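In what follows, a structure is listed as structure tokens, so that the remarks can point back to it.
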Amino acid sequence: METVYDLLVILHFIGLASLLGGFLVQMRDTTRVVNPAMFHGALTQLVTGLALVGIGEAALDWDFDHVKIAIKLVILVVITVLVVLGRRKSSISTATWAAIGLLTVANTAIAVLV
Ligand code: HEM
């Protein structure tokens, strides 16, 4: 089961790369959108994050920091709402685009530093 867990961690990194990459490639654009990389990256983070906690606690008997996980989950829910709502529009505001990127970086910092 540890192999499955490790594979999910790799997918978690791919989801981060997709979400942040989709944000970063628009740095110099004047019209910003929610691109497929951002949408699929956010969903990947949600699915792999929940699966990591589930497998870690249920099958591997590990104890996660639940406050840290809860904060990351709330931040990702906000990102996902912005991404899902923005995906239906032809463009999103710079503020919405920046919020998606900054919240993604915030979750990365919480994951590594806390
Ligand atoms: C935008 C959203 C997210 C980003 C950018 C993100 C980023 C990261 C990063 C960079 C790591 C590696 C930390 C390290 O090894 O030091 C990590 C690990 C982890 N993340 Fe996330 N994460 C996100 C969302 C979530 C969510 C929503 C959950 C759970 C509901 C979650 C659960 C976990 C778990 C359990 C680990 C530990 C993996 C391990 O080291 O064994 N993540 N995350």
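The values are calculated or read from the model by the stated rules, or taken from the named source; none is laboratory data. Quantities reported herein were computed from a predicted structural model and do not represent experimental measurements. Cβ placement follows ideal geometry from the backbone for every residue including glycine, while neighbour counts extend to all protein chains displayed. Heavy atoms of the whole protein, side chains included, go into the accessibility calculation; ligands, DNA and RNA do not. Shrake-Rupley method; radii C 1.70, N 1.55, O 1.52, S 1.80 Å.
Key figures for this structure:
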{"read-out": "Residue within region 31-44 that is hydrophobic (A, V, I, L, M, F, W, C), more than 30 Å from residue 6 (Cα to Cα) and not in a helix (DSSP H, G or I) present", "value": "yes"}
{"read-out": "Single unsatisfied condition, residue 64 versus (1) near the ligand (Cβ under 9 Å from one of its atoms); (2) assigned to a helix (DSSP H, G or I)", "value": "(2)"}
{"read-out": "Among (1) farther than 18 Å from residue 10 by Cα; (2) in contact with a helix residue (DSSP H, G or I) (Cβ under 9 Å, 6 or more places away or on another chain); (3) modelled with pLDDT under 95 - the single one residue 60 does not satisfy", "value": "(1)"}
{"read-out": "Pairs where the first residue, in region 36-62, is under 27 Å from residue 86 (Cα atoms) and the second is open to solvent by 60 Å² or more (accessible area, probe 1.4 Å), C-beta under 6 Å, 6+ apart", "value": "39/87; 48/11"}
{"read-out": "Selection status of residue 9, among the β-branched types (Val, Ile, Thr), open to solvent by 60 Å² or more (accessible area, probe 1.4 Å) and part of a helix (DSSP H, G or I)", "value": "no"}
{"read-out": "From 54, 49, residue being touching a His at 6+ places or on another chain (Cβ under 8 Å) and either away from the ligand (no atom under 11 Å from the Cβ) or assigned to a helix (DSSP H, G or I) (or both)", "value": "49"}
{"read-out": "Selected residue (criterion: farthest from the ligand (Cβ to nearest atom)) from residues of region 83-102 that are open to solvent by less than 50 Å² (accessible area, probe 1.4 Å) and touching a helix residue (DSSP H, G or I) at 6+ places or on another chain (Cβ under 8 Å)", "value": "92"}
{"read-out": "Single unsatisfied condition, residue 21 versus (1) of a type outside the set (Ser, Thr, Tyr); (2) touching a residue at least 12 places away in the same chain (Cβ under 8 Å); (3) more than 11 Å from residue 104 (Cα to Cα)", "value": "(3)"}
